[in-house]
Amino acid sequence: MTETNPIGLTIRGGVKVYPGTVALKGVDFDLRMGAVNVLVGENGAGKSTLMKIISGVEPLTEGMITLDGNEVTFADKADAARRGIGIVFQELNLFPNLSVADNIFIGREKALAGIHIDRSAQAEGARALMTRLEQDIEPDTPLGNLRIGQQQIVEIAKALAEDARILIFDEPTSALSASEVDVLFRIIRDLKKHGVGIVYISHRLEELIRIGDYITVLRDGQITGTRAMEGVDIAWIVKHMIGSASKEFPRGETVIFGDEVFRSEDVSLPRLGGGYTVDHVSLSVKAGEIVGLYGLMGAGRTEFLECVMAQHPEASGKLFIAGKPVKTTTAAGRIDLGLALIPEDRKRDGLVQIMAIRENLTLSSLWKLARGFHLNLAAEAKAALAFVKSLSIKIGNVEHPVSSLSGGNQQKVVIGKALMTHPKILLMDEPSRGIDIGAKAEVFRTMRRLAAEGLGILFVTSDLEEVLALSDRILVMANGRITGSFPSGSNPADVISATVPAHSRTVP
């Protein structure tokens with residue numbers, strides 16, 4: 001402990017168990033006051049879980065929390081807030097149909113005589129916060145009328161309005177412009193001067209190094225490194241994030257890639273308010289090649305895949321499949337030409353939960369199973385069973401609802417649905433998200449087998465280990481652009497460094 005940055009909150013022996021997983025494993029964490037305590041780790045490392053425990057959203061399964069030297073137990077988020085702990089969540093926790101002022105003070109409304117909401121006082125308070133955050137946003141503006149970056153600013157204002165002694169920022173800059181980030185950093189420095197303890201979570205490593213005073217690294221629910229920020233570089237962070245051992249999903253044999261099966265040229269998607277979400281992206285994939293598209297939240301990777309699958313009519317650019325230009329502007333037309341997408345959210349976008357496994361598998365290829373105007377149910381069942389066997393999907397009966405399957409087997413159903421269209425190029429958006437380690441290994445072995453059979457695969461991931469272990473070639477996206485290209489076996493620090501664009505913002 002130092003006099004300038006005393007420890008205000010500690011966790012000792014922190015364990016958090018969810019059904020089927022242990023999110024935190026004996027964590028010891030110190031939060032220093034008047035300083036920025038940065039927390040870093042890959043997706044699933046336990047960062048957000050740890051912050052939910054500190055902010056009262058979740059209780060510890062085992063362990064102890066102390067605040068100002070006294071053991072405490074938070075009943076809920078409101079209890080933690082009363083003790084001076086606030087949080088800016090990664091996912092916006094706002095109401096689009098309410099005004100900016102109502103969102104800032106919801107649950108803590110300013111009242112007249114304890115009966116009526118003092119709209120004037122709330123508007124005045126909201127206006128003061130917007131001035132502090134250097135934003136020209138009127139308090140009575142409906143939140144839904146604001147772009148996503150401005151909504152993030154309102155989320156930050158909501159936390160500042162609580163006058164918290166400890167303030168947690170979970171990926172606060174993912175939707176902010178460069179100028180908005182500079183404002184946020186100035187606010188953080190001002191909070192530090194007033195003794196506020198800041199916890200700052202971000203995947204943007206250059207931000208952590210510039211803004212942080214102390215750093216803690218989490219990997220698989222355990223702390224692997226903690227120290228003062230002085231002398232820390234990206235190589236140190238990467239070493240503690242992924243360790244010396246990496247996941248291995250090797251090819252069974254050397255594969256010679258075939259001809260180019262997919263190419264994009266200058267694919268662009270305009271951003272509301274100016275600029276591009278996808279900024280003139282050009283890339284290619286060969287038959288039998290697995291290309292990993294790595295980047296951070298907001299890099300534009302998912303939006304690029306959506307453009308390829310004709311989900312954004314306003315998108316521009318050229319696409320080629322097997323050397324032939326793609327002229328159709330519908331998703332169905334592009335599926336017919338050989339494109340198939342495994343979406344990031346399989347439950348929302350990839351499956352119909354109330355339908356049978358058989359029906360989900362054949363949903364994208366019903367026209368191949370029709371006889372005239374009628375569906376050939378026998379042919380459909382036979383085709384579904386063939387893919388169940390091919391992908392080793394563990395089921396009781398193809399007529400059971402797909403919701404009865406585990407997450408990993410649901411993901412295989414989504415893959416099977418795509419493969420039944422006989423694609424030339426398979427687009428996979430975060431294929432391992434939300435499934436356990438064993439299921440991930442099975443999905444990755446399936447990807448390797450499909451590539452060995454000549455299928456071109458372009459997969460999006462924010463897991464550094466996965467992109468390094470699986471990819472024949474790695475492309476990095478940042479701010480909507482391709483910022484790096486790396487062969488298999490590249491240095492992890494080089495890959496992460498490419499997520500920092502050359503024109504990266506500086507902190508004044």
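The values are calculated or read from the model by the stated rules, or taken from the named source; none is laboratory data. Model, not experiment: these values are computed from the prediction. Neighbour counts are summed over all protein chains in view; Cβ atoms, including those assigned to glycine, are modelled from backbone coordinates with ideal geometry.
Kindly list the number of the only condition in (1) surrounded by 20 or more Cβ atoms within 10 Å (Cβ to Cβ); (2) not in a helix (DSSP H, G or I) that fails for Glu399.
Condition (1) is where Glu399 drops out.
Just to check your reading of the model, which residue among Thr216, Thr173, Thr226 is of a type in the set (Ser, Thr, Tyr) and within 18 Å of the chain's Cα centre (by Cα)?
Every option except Thr173 fails the conditions.
Quickly run through the range 103-159 and pick out the residues that are small (Gly, Ala, Ser), surrounded by 18 or more Cβ atoms within 10 Å (Cβ to Cβ) and either within 28 Å of the chain's Cα centre (by Cα) or not in a helix (DSSP H, G or I) (or both).
Once the filter is applied, which keeps residues that are small (Gly, Ala, Ser), surrounded by 18 or more Cβ atoms within 10 Å (Cβ to Cβ) and either within 28 Å of the chain's Cα centre (by Cα) or not in a helix (DSSP H, G or I) (or both), the range 103-159 yields Gly149, Ala157, Ala159.
Within the range 15-35, is there a residue that is on the phi > 0 side of the Ramachandran plot and free of Cβ contacts under 8 Å to residues at least 40 places away in the same chain?
Looking through the range 15-35, none of the residues is on the phi > 0 side of the Ramachandran plot and free of Cβ contacts under 8 Å to residues at least 40 places away in the same chain.
Kindly indicate whether Val460 is touching a residue at least 60 places away in the same chain (Cβ under 8 Å) and crowded, with 19+ Cβ neighbours inside 10 Å.
Judged against the criteria, Val460 is a match.
Does the range 341-355 contain at least one residue that is modelled with pLDDT of 90 or more, touching a strand residue (DSSP E or B) at 6+ places or on another chain (Cβ under 8 Å), charged (D, E, K, R) and closer than 30 Å to Gly275 by Cβ?
Scanning the range 341-355 turns up no residue that is modelled with pLDDT of 90 or more, touching a strand residue (DSSP E or B) at 6+ places or on another chain (Cβ under 8 Å), charged (D, E, K, R) and closer than 30 Å to Gly275 by Cβ.
Pick out the one residue from Val27, Val22, Val38 that is part of a strand (DSSP E or B), at pLDDT 85 or above, surrounded by fewer than 20 Cβ atoms within 10 Å (Cβ to Cβ) and not basic (Lys, Arg).
Val22
Kindly indicate whether Val308 is under 30 Å from Gln150 (Cβ atoms), at pLDDT 95 or above and not polar (S, T, N, Q).
Considered against the rule, which asks whether it is under 30 Å from Gln150 (Cβ atoms), at pLDDT 95 or above and not polar (S, T, N, Q), Val308 comes out as yes.
State all residues of the range 61-89 that are in contact with a Ser or Thr (Cβ under 9 Å, 6 or more places away or on another chain), surrounded by fewer than 19 Cβ atoms within 10 Å (Cβ to Cβ) and in contact (Cβ under 8 Å) with a residue 40 or more places away in the chain; if no residue qualifies, say none.
Matches in the range 61-89: Met64, Thr66.
May I ask you to verify whether Gly86 is among the small types (Gly, Ala, Ser), outside any helix (DSSP H, G or I), within 23 Å of Leu39 (Cβ to Cβ) and in the same structural domain as His203 (by TED's automatic domain parsing)?
yes
Give Glu248, Glu265 a once-over and let me know the one that is charged (D, E, K, R), at pLDDT below 85, closer than 30 Å to Val308 by Cα and loosely packed, with under 15 Cβ neighbours inside 10 Å. Talk me through it step by step, then tell me what you get.
Details: Glu265 fails: at pLDDT below 85.
Just a single option satisfies the conditions, and that option is Glu248.
Given the conditions (1) out of contact with any Phe, Trp or Tyr (no Cβ under 7 Å at 6 or more places or on another chain); (2) closer than 21 Å to Glu162 by Cα, report the number of the one that Gly26 does not fulfil.
(2)
Out of the range 312-337, which residues are more than 28 Å from the chain's Cα centre (by Cα), surrounded by 11 or more Cβ atoms within 10 Å (Cβ to Cβ), small (Gly, Ala, Ser) and farther than 17 Å from Leu366 by Cβ?
Result: Ala322, single match.
Please go through the range 165-191 and give me each residue that is out of contact with any Leu (no Cβ under 7 Å at 6 or more places or on another chain) and in a strand (DSSP E or B), ordered by number.
Selection gives Ile168, Phe169, Asp170.
Can you find a residue in the range 101-114 that is touching a residue at least 60 places away in the same chain (Cβ under 8 Å) and either acidic (Asp, Glu) or within 28 Å of Ser202 (Cα to Cα) (or both)?
no
State whether one or more residues within the range 136-149 are closer than 25 Å to Glu42 by Cβ and at pLDDT 85 or above.
no
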